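Enquirer: One structure coming up, written as structure tokens, with questions to follow.
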Amino acid sequence: MSQLSLSVDIAGLRLRNPTMNAAGVLGISASLLKRVYEGGAGAVVTKSLGPAPRSGHFNPTMVIVEGGVLNAMGLPNPGAEYFVSAIKALRAEGVPVVASFFGASIEDFRDVAELLSEAGADALEVNVSCPNVQEELGMLGADCLNTEKVTAAVKEVSKPPVFVKLSPNVTDIAEIAKAAEMGGADAITAVNTLKGMAIDADFKRPILTNVTGGLSGPALKSVALRCVWDIVQAVDLPVVGCGGVANWRDAVEFMLAGASAVEVGTAIRERGFGVYKEITTGIEGYLEANGFGSIKDIVGLAQEAA
């Protein structure tokens, strides 16, 4: 197989290949994130970090359902300040780090962004879209005005590029993406999990203690793909696709829709750390078989054909 260019540049974030882990998946320590990178990811994404330690919801917080996984973790994390040393350790070993974070207010977002920026993160991913916590923590991104305000506040203090992670649980995700662009976002991550639930017929009650949770995995793919498509048509920003990417063909489909890279989460549960290398190898084979020389050659091709 000939050597092709698999590296991508997303608003200044340089990746050796177009794969990353999704926030919340193995992003809880430097050692686990290093294993993600060694497994073949182009960069790593931390767990969503907040202004203070947070315990999250009581178990059960996860259930396997048809086509994927429902989780209602509730953003448990050790706090952004605690994770500063992990970011510095990863960067010292040459691992590109995208720091995911959230806040309960615009001031929280600004403060955490400044802390993570000073820690040396290569990019910040603003989580305004978690579907299984209180609205003030998780769904500021369901509102155009708040999305723009949060993004602008983060941009005021951030040295690295700012990615805004959007929710599929909105009426018009294109309008939310436009608001993020107005706020100064450098890129969009699409999408977070889709709100759902599971009921136990024997116990006659919801399975998750939070009642609802976020659906990830293959069942989310078609929704996420449509979201990427709509966002690419609405804004002039690079997009990172996320939701249901389990193999190289899924990744290529997101790129054809307009994504420059993809995040992979639920698939690692079945495929292990090597899933990133598997996907990258498959993408390389696709490029060669179709006469393309780089990732950018296929980004948005389906948009042109529609």
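Here, each number is a calculation from the coordinates, and none is a lab measurement. From a predicted model like this one, the values you see are computed outputs, not experimental measurements. Because the Cβ atoms are built from the backbone with ideal geometry, glycine has one as well, and the counts that use them run over all protein chains shown.
Enquirer: Go through Gly196, Val162, Gly183 and say which Cα lies farthest out towards the positive end of the charge dipole of the chain; charges sit on Cβ, +1 for Lys and Arg, -1 for Asp and Glu.
Expert: Gly196
Enquirer: Let me ask something else about it. Modelled label-to-label distance, Arg269 and Thr171, 7 Å Cα→beta-carbon offset: nm?
Expert: 3.3
Enquirer: A further question follows. How would you rank Thr212, Thr61, Thr151, going from fewest to most other Cβ atoms within 10 Å of each one's own Cβ?
Expert: Thr212, Thr61, Thr151
Enquirer: Let me ask something else. What are the extents of the Cα atoms of the chain along their three principal axes, listed from largest to smallest and rounded to whole Å?
Expert: Cα extents, longest axis first: 52, 49, 38 Å.
Enquirer: Summing +1 for each Lys or Arg and -1 for each Asp or Glu, what net charge is found among the other residues whose Cβ lies under 12 Å from the Cβ of Met73?
Expert: Computed value for this residue: +2.
Enquirer: Identify the residues of the range 43-87 with backbone N under 13 Å of a label point that sits 7 angstrom from the Cα of Phe203 along the Cα-to-Cβ direction, or state none.
Expert: Within reach of a label on Phe203: 58-64.
Enquirer: Under a 5 Å amide H to amide H cut-off, with H placed in plane at 1.01 Å, what residues pair with Gly74 once short-range neighbours are removed?
Expert: His57
Enquirer: Size of the range 234-306 along its principal axes in angstrom, Cα-based, largest extent first?
Expert: Here the spans come out as 35, 29, 18 Å, largest first.
Enquirer: Here's something else I'd like to know. In what sequence, highest mean first, do 86-93, 229-236 appear when ranked by Cβ atoms within 10 angstrom?
Expert: Highest mean packing first, the order is 229-236, 86-93.
Enquirer: For the range 8-305, give the share of DSSP beta bridges that are antiparallel, in percent and rounded to the nearest 5; count only bridges with both residues there.
Expert: Counting DSSP beta bridges with both partners in the range 8-305, the antiparallel share is about 40 percent.
Enquirer: Mind telling me which of Glu118, Glu81, Glu66 comes out most flexible in a GNM of the chain, alpha-carbon contacts under 10 Å?
Expert: Evaluated over the chain, the most mobile residue of the options is Glu66.
Enquirer: Ok, one more. Once you place label points 7 Å from the Cα toward the Cβ at Ser105 and Arg249, how far apart are they in nm?
Expert: Modelled inter-label distance: 5.1 nm.
Enquirer: Could you sort the peptides 28-34, 204-210 by per-residue average Cβ neighbour count (10 Å cutoff), highest mean leading?
Expert: Highest to lowest by the protection proxy: 28-34, 204-210.
Enquirer: What relative contact order, as a whole-number percentage, does the range 8-305 give when Cα pairs under 8 Å and 6 or more residues apart are counted?
Expert: 18
Enquirer: If I stretch the segment between Lys277 and Ser5 completely, what's the gain in nm (0.36 nm per residue apart, minus their alpha carbon distance), one decimal?
Expert: 96.4 nm
Enquirer: Sticking with this one: Give me the percent of Cα-Cα pairs in the range 99-255 that sit more than 18 Å apart, rounded to a whole number.
Expert: When all Cα pairs of the range 99-255 are counted, 58 percent exceed 18 Å.
Enquirer: If you don't mind, another one. Which value in deg cm²/dmol, rounded to the nearest 500, describes the helix-derived mean residue ellipticity at 222 nm for the chain, given -39,500 (n - 2.57) per DSSP H run of n ≥ 4 and division by the residue count?
Expert: Result for the chain, helices only: -11000 deg cm²/dmol.
Enquirer: About the Cα centre, and with charges only on the beta carbon of Lys, Arg (+1) and Asp, Glu (-1), how big is the dipole of the range 8-305? Nearest 20 debye, please.
Expert: 680
Enquirer: Next question. Would you calculate the separation in nanometres between label points at Met182 and Ser55, each defined as 7 Å from the Cα along the Cα-to-beta-carbon direction?
Expert: 4.0
Enquirer: Related question: Percent relative contact order of the range 117-259, based on C-alpha pairs within less than 8 angstrom and at least six residues apart?
Expert: Result for the range 117-259 is 22 percent.
Enquirer: OK, next. Going by how many other Cβ atoms sit within 10 Å of their own, how do Asp200, Asp122 line up, fewest first?
Expert: Asp200, Asp122
Enquirer: Which of Met62, Met73, Met255 comes first, and how do the rest follow, when ranked by fewest Cβ neighbours within 10 Å?
Expert: Starting with the residue having the fewest Cβ neighbours, the order is Met62, Met73, Met255.
Enquirer: Quick check on my link table: of Lys221/Lys296; Lys47/Lys221; Lys34/Lys195, which ones sit more than 25 Å apart, alpha carbon to alpha carbon?
Expert: Lys34/Lys195
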